[in-house]
Amino acid sequence: MLAVAPIKAFTDNYIWALINNRAKTCAVVDPGDAYPVIEFLEQEQLTLSAILITHHHRDHTGGLLKLRNLFNLKVYGPANHSIKGIDVALVDGESVNLDSIDAKFKVMEVPGHTLDHIAFFGEGSLFCGDTLFAGGCGRLFEGTPQQMLNSLQKLAQLPENTKVYCAHEYTLANLTFAKTVEPDNQALIDRYESVEDLRHKDQITLPSTIQLEITTNPFMRTNKPTIKQAAETFLSTPLSTESDIFAAIRKWKDNF
Ligand code: ZN
Ligand code: FE
C-alpha cells in the first residue's frame, strides 16, 4: 500500500511524498525546494527513487536538480524543454511505472494554469499540481478559460472517491470565495466549517476527493444553474456558453 505524506515548503506549498514503507523508498511530486525533502527523507529513513513534475513553475521545480544530483533517480515530467533535468518527458495517456515504490500512474494533460501542465492519476489518487485546488482552480497564466474548463471536466470524469492531492494550501480562501458565489449550497457550507476548524488547528485540509470538488467547487460546477446565475449577475450580462461562465467565475476570483 502506497502511503502519501505532505512535506511543507515555502509559505503554502505541499510537496507530496509517495512512500513504500516496506522498501523504504519514496517518490516526491513537485519539489520546489530540495531542503525540506532532504530533511524529510533523513527523518523517515527513506531513499528518494523518483521525482514527478506537474508544470514548469519554480515553486514546483526549484529543488529538482539538487535532488537529482544527490540521489540515483529518474525525473518524470512534461515534455517542456524549459525544465532542466527531466529524464522522461511525458504526454497524455502515457503510463508511469514506478517499480521502486510499486506504483503506477496515468498521465493526463491538463493545460490552463500553464500550457505544459500534466496530472498523475493512479493508486486511487490524483496529483494535480496547480490545476484543480480544493475548492478552486489555478490562475490562467498561459491557457484560455476553455482549455482550463476542458482540463477540469477531464478530472471530473475520474472515480468519485479519487483522492485529490493539490500543491497548495488554498482551501479556506477558495471556499470563502465559493460561498460568495453559491451561498445556499449546503455541502459547501458544511465543508467550509470543517476546513475553518482544521485551519484554526493549523492542520492540512488535503486530500480532497473528486466527489467533494464536484459538489462544492464553483469551477467544477459551471454547468449548474446557480453558478450560471451568479456569473451573469457578476458581469450583468447573460452568458450562453459554459466557457463564458467559467471565464466569469475565474475573473471574479482573480479580483476577489
Ligand atoms: Zn504554478
Ligand atoms: Fe504553485
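The values are calculated or read from the model by the stated rules, or taken from the named source; none is laboratory data. Predicted, not measured: the structure shown is a model, and the values here were computed from it. For neighbour counting, all protein chains shown are included, and Cβ atoms are generated from backbone atoms with ideal geometry for every residue, glycine included.
Values as computed for the structure displayed
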{"item": "Test: residue 96 is within 16 Å of ligand 2 (Cβ to nearest atom), of a type in the set (Val, Ile, Thr) and not in a loop (DSSP other than H, G, I, E, B)", "result": "no"}
{"item": "Hey, residue 187 within 23 Å of residue 139 (Cβ to Cβ) and among the small types (Gly, Ala, Ser) or not", "result": "no"}
{"item": "Test result for residue 111, within 16 Å of ligand 1 (Cβ to nearest atom), on the phi < 0 side of the Ramachandran plot and either of a type outside the set (A, V, I, L, M, F, W, C) or not in a loop (DSSP other than H, G, I, E, B) (or both)", "result": "yes"}
{"item": "Pair list, Cβ under 7 Å, 6 or more apart: the range 79-108 residue hydrophobic (A, V, I, L, M, F, W, C), other residue in a helix (DSSP H, G or I)", "result": "83/61; 108/154"}
{"item": "Subset of the range 115-132 (residues that are under 23 Å from residue 103 (Cα atoms), hydrophobic (A, V, I, L, M, F, W, C) and either within 15 Å of ligand 2 (Cβ to nearest atom) or assigned to a loop (DSSP other than H, G, I, E, B) (or both))", "result": "118, 119, 127, 128, 132"}
{"item": "Filter result for the condition that a residue is modelled with pLDDT of 95 or more, under 24 Å from residue 206 (Cα atoms) and among the hydrophobic types (A, V, I, L, M, F, W, C), over 89, 27", "result": "27"}
{"item": "Residue within the range 148-170 that is surrounded by 15 or more Cβ atoms within 10 Å (Cβ to Cβ), farther than 23 Å from residue 109 by Cβ and modelled with pLDDT of 95 or more present", "result": "yes"}
